[in-house]
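First up is the structure itself, then whatever we jot down about it.
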Number of protein chains: 2
Amino acid sequence: MATEHTAKAFDSDLQELTRLVAEMGGLAERMIVESVDALIRRDIVLGKRVVAADAEIDNLQHVIEERAVLTIARRQPMAVDLREIVGAMRVATDLERIGDLAKNMGKRVAALESDFQPLKLIRGLEHMTDLVQSQVKSVLDAYAAHDLPAAMTVWKGDEEVDAICTSLFRELLTYMMEDPRSITAGTHLLFMAKNIERIGDHATNIAETIYYLIHGTPLKETRPKRDRSSSSVVLPGPIAVASNESEQEAK
Amino acid sequence: MATEHTAKAFDSDLQELTRLVAEMGGLAERMIVESVDALIRRDIVLGKRVVAADAEIDNLQHVIEERAVLTIARRQPMAVDLREIVGAMRVATDLERIGDLAKNMGKRVAALESDFQPLKLIRGLEHMTDLVQSQVKSVLDAYAAHDLPAAMTVWKGDEEVDAICTSLFRELLTYMMEDPRSITAGTHLLFMAKNIERIGDHATNIAETIYYLIHGTPLKETRPKRDRSSSSVVLPGPIAVASNESEQEAK
């Protein structure tokens, strides 16, 4: 069925899709970095810019979806070609969610304008963000290069992000107990930490899409997780920390 | 291009897709109800059942995506037929996210096993969940019936969910300030309230998909939002509440 003409037409459609996904990825990375910069510098204007940028990501996702569907209908790709198109749609869905999460962080910056300056905790958030942003960058590079080993490194690396998130949660809760004036700000930081942790989860989803692209089957292994924040219990008084077994979050 | 045979084959593909989406929707609704039942009754086993059910939803989403893509490739549907397939994929994506959010609530139930029983707040959460669950049910009925007015009612109704969420946030923060022993449990309830609010956002996304199905263009109007929880500031002492302007959350 595939004449040389349709094969060429397909390649050019796919190239354009890949370019759009890369553009979306660049935007998402910038939003992650800027949302945390906005937090650190208490820069409300920058926070609002992150919020505004989300519309662009949403729009790109729609464009990608539309083109992907048209490509499938027009070129009737099979096997690996079809997977390439489905893969682009899936990566775009994860990037759209990453944009949402960064936007939510951007919004919270305005609410944090107070005397609450728990530098150590904010540094912790910053460290976690650096890690997650490098995970997102690596997985997008792996997607562009169809580099499965690099994708699997990201997939396994998320465990470290989870562990940092859980310990940040405990520190934040302890802080809030010691100084009830910090409860509102502490809550916003808890949500920001959770947002960053979830961005990390979406990076692992993209790694799973790369696996599917290359192998044609979903990745069956269960990802090691160390995020216990949904089951953290911090007790007041002499600090006691209990934690239940955790399961996978996103997906 | 569409012979009678392909038209019939397309109809049967579409019917099967719609059936799968309805099955997924039923599961998602049940997860929402059960996660809050688990909270109210402190039923850890039920909470775990909700967590386990998420795998089924994820699996259904994959099946729907796969079939949708095969239908597009095989039948080459155009215009409204193509929109039907894309619509099914979009609704499945939102239902998958709803499943994730309900699962996260199910996980938190175990962490709440304590003496913390703020009945009024838990009732508030329950009320909010009832509302959101009926929004999800209504929008899925509207999707099955292609009933745009019903979908738009859901779309506009989310404002009430947002308002309840914002006021629950303030109450919870106040509670936590008054009694630091409630901070950990209060935090879990804050996250649960936010999860329910986000489930409501996904119901409005589905309403937007119905609009797109029927009109062939995205809904351009901006949805009225009253969720101020990302920018809530509750000050200790004589209760003072400040709130910034809020923007749209999901999408």
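Hey, what's chain B come to in accessible area per residue, 1.4 Å probe, Å²? Walk me through the intermediate numbers first.
Numbers: 10100 Å² over 251 residues.
I get 40 Å² per residue for chain B.
Approximating the spin labels as points 7 Å out from Cα along Cα→Cβ, the A:Glu16-to-A:Ile214 distance works out to 2.9 nm.
The mean number of Cβ atoms from other chains found within 10 Å of a Cβ in peptide A:42-54 is 1, as a whole number.
Restricting the trypsin sites (Lys or Arg not before Pro) of segment B:13-109 to loop positions (DSSP other than H, G, I, E, B) with no more than 12 neighbouring Cβ atoms within 10 Å leaves B:Arg41.
Please say if the protein assembly as shown is rounded, prolate or oblate, where rounded means a/c under 1.5 for a ≥ b ≥ c the square roots of the C-alpha gyration tensor eigenvalues, and otherwise the choice is prolate for a/b larger than b/c and oblate otherwise? Prolate is the answer for the protein assembly as shown, as a/c is 1.5 or above and a/b outweighs b/c.
By the rule of a C-alpha distance below 16 Å, with chain neighbours fewer than 8 residues away ignored, the lysines paired with A:Lys225 are A:Lys156, A:Lys194, A:Lys251, B:Lys103, B:Lys107.
Counting protein heavy atoms only and a 1.4 angstrom probe, how many square angstrom of accessible surface do chains A and B bury in total, to the nearest 100? Could you put the intermediate results ahead of the total?
Working: alone 12340 and 12380 Å², together 20160 Å².
Buried: approximately 4600 Å² between B and A.
With R₀ set to 35 Å, the beta-carbon distance separating B:Glu66 from A:Arg49 gives a calculated FRET efficiency near 0.35. Remark: mean inter-chain Cβ contacts per residue of B:91-99 equal 1, using a 10 Å Cβ-Cβ cutoff to other protein chain atoms.
What FRET efficiency do you get for B:Glu126 and B:Glu221 if R0 is 35 Å and r is their Cβ-Cβ distance, rounded to the nearest 0.05?
0.65
Find the centroid of the Cα atoms in segment A:60-83 and in segment A:1-23, then give the distance between the two in whole Å. For segment A:60-83 versus segment A:1-23, the Cα centre distance is 9 Å. Solvent-accessible area assigned to carbon and sulfur over segment A:109-173 amounts to 54 percent, based on a 1.4 Å probe.
Burial here means at least 10 square angstrom less accessible surface with every protein chain in place than with the chain by itself, probed at 1.4 Å; in segment B:170-195 the buried residues are B:Leu173, B:Met176, B:Met177, B:Pro180, B:Arg181, B:Ile183, B:Thr184, B:Thr187, B:His188, B:Leu190, B:Phe191, B:Lys194.
Given only helices, namely DSSP H runs of n ≥ 4 each adding -39500 (n - 2.57), what is the per-residue ellipticity at 222 nm of chain A, to the nearest 500 deg cm²/dmol?
Values: 6 runs with 193 residues, N = 251.
Helices in chain A give a 222 nm mean residue ellipticity of -28000 deg cm²/dmol.
Solvent exposure of B:Phe191, expressed as accessible area, is near 10 Å², computed with a probe of 1.4 Å over the protein chains only.
Estimated at 0.36 nm per residue, the fully extended path between B:Ala163 and B:Arg41 surpasses their Cα-Cα distance by 41.4 nm. Accessible surface ranking for A:Asp100, A:Asp147, 1.4 angstrom probe, highest first: A:Asp147, A:Asp100.
Could you work out what % of the accessible surface of segment B:1-89 is carbon and sulfur, using a 1.4 angstrom probe and leaving DNA, RNA and ligands out of the count? Present the calculation step by step, with values, prior to reporting the outcome.
On the way: 2340 of 4300 Å².
Heavy-atom surface of segment B:1-89 belonging to carbon and sulfur, 1.4 Å probe: 54 percent.
The values are calculated or read from the model by the stated rules, or taken from the named source; none is laboratory data. Keep in mind that what you see is a predicted model, and the values were worked out from it rather than measured. Positions of Cβ are generated from backbone atoms using ideal geometry, with glycine treated the same way; all protein chains shown enter the neighbour counts. Protein only, heavy atoms only, side chains kept; ligands, DNA and RNA dropped before computing areas. Shrake-Rupley method; radii C 1.70, N 1.55, O 1.52, S 1.80 Å.
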